[in-house]
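The values are calculated or read from the model by the stated rules, or taken from the named source; none is laboratory data. A quick note: this is a predicted structure, and the numbers were derived from the prediction, not measured. Glycine also receives a Cβ, built like all others from the backbone with ideal geometry; neighbour counts cover every protein chain displayed.
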Amino acid sequence: MYQKKPELAKGVDALMIWLYVILVLFGLLCIFSVEYKNGDPVLQTFLGFKREYSKQFYFFIASLVVATFILLTDSKFFTATSNLMYAAGILLILATFVVGKEVGGSKSWIPLGFMNIQPVEVCKIFTSLAIAKYLSMPDLDFSKTKSQLIAAAIAFSPAILSVLQKEPGAAIVYFSFSIAFYREGLPAIYLVLVFSLAILVIASIVVPPTALLIALSAIALMVAMIFRRKIKRDKGILVVIAGIWLLCVGVQFFLVPALFEKVLKPHQVVRIFTTFGIDDYKFKAPERQAEMQKEYAKLGTVRKGSNEKIEGYNVKQSKIAIGSGGFIGKGFLQGTQTRGEFVPAQNTDFIFSSVGESFGWVGCIILMLLYFGMMFRLVFLAERQRSTFSRVYIYCVASILFFHVALNVCMTLGIAPSPGITLPLLSYGGSSLVTFTILLFIAIKLDADRQMVLR
């Protein structure tokens, strides 16, 4: 039977395409602004594949080719192969334990010669598809605990493997899938519990142990007083309150110390501590204390003043660069901090600092508007889908984008620990650019075929 050839532009959301292209070109501009040397031939260096802005340009061309293939692919391909691709992604992550290349203390990269690929980054695509496939099963009841646990296992298995690779920063992004779960009916109490746990962990390192213990006890007593009438009728409520109190105390005195002394690496602990201005945390093992001191010195962490918090060199230089940009910025190719290479990783993790220095507050606001415009557009696309598969997948993409942008910008401004997360479509890196291109263009393709009910 004759079938029409797929049309590239049919049903494609033009606004999403424009937002994508503008963000990538803006990223190229920022990478060029911090790496270009006065007197270099622009065209020759752009085409030479030696500078990072040149490599990013070619990665962009490759990404456009990949995007074109996605738009020409039948949408049913993604539903039919989602589980197979997820399994392949897990195997790819496992392969890094054998053939992986160590970069920055993390053995999570596979060298391909012209670029390194990080499987846990690419696996976001496969995980999004696998979650969409599972949640779109016709007989699935997501209100049941069993279904929720299976979905959580699909979402967090790559994250667990990432932690084992000593790459917890990449694992954090996998928590973004909880937003898609919430949209599909996950009770809000789960999100509240996760958020409360995060606050408790932060409080355990910021607040003195005795003071926090008193505060937790006071809160437990206050809750017991509020529910005293119900407790008289049902003693089980008191047991629950006491159990939650014991759990919080356990997190404070056992989980948090184990996390910082045995799970996280010294440089990761330093990133967290410098964010919250902590330099007096007492480690039980003397050798761990010595490792921390070496890491502080290695990262250039210095005390700003006798009564001020300590601050990491990376973040300090980033904040100086952003602050020096003022309202409208110093101008293109006029930045002194970023062009002088004072800011480490200024083309990757800290590329937002180059935006702040070159284009100022105005440039940062425009960039954030572009990102939020893309996120809101994705939510709009998700809500107009007839297919549960398409809706869940697009929500996964929007959630991943939100986590990356929020964590990267907060890290650059020094209000969140540095997890080593890139700024989507702006940061240098072929693995990151191609991954986000695939994520976005699968969403665009699914929306273009929204009249189809995919399972």
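Selection of region 232-250 for residues being surrounded by 11 or more Cβ atoms within 10 Å (Cβ to Cβ) and outside any helix (DSSP H, G or I) yields only 234.
As a summary of the residue check, residue 116 satisfies the conditions (1) modelled with pLDDT of 80 or more; (2) in contact with a Phe, Trp or Tyr (Cβ under 8 Å, 6 or more places away or on another chain); (3) surrounded by fewer than 23 Cβ atoms within 10 Å (Cβ to Cβ); (4) not small (Gly, Ala, Ser) except for the one numbered (1). Only one entry in 198, 159 is exposed (fewer than 14 other Cβ atoms within 10 Å of the Cβ) and either small (Gly, Ala, Ser) or under 30 Å from residue 88 (Cα atoms) (or both), namely 198.
Against the definition (under 18 Å from the mean Cα position of the chain (by Cα) and farther than 14 Å from residue 118 by Cβ), how does residue 164 come out, yes or no? Judged against the criteria, residue 164 is a match. Of the candidates 431, 390, the single residue that is surrounded by 24 or more Cβ atoms within 10 Å (Cβ to Cβ) and either of a type in the set (Gly, Ala, Ser) or not assigned by TED's automatic domain parsing to the domain that holds residue 31 (or both) is 390. Test residue 125 against the criterion of being outside the structural domain of residue 259 (by TED's automatic domain parsing), in a helix (DSSP H, G or I) and without any contact (Cβ under 8 Å) to a residue 12 or more places away in the chain, and give yes or no. In short, no.
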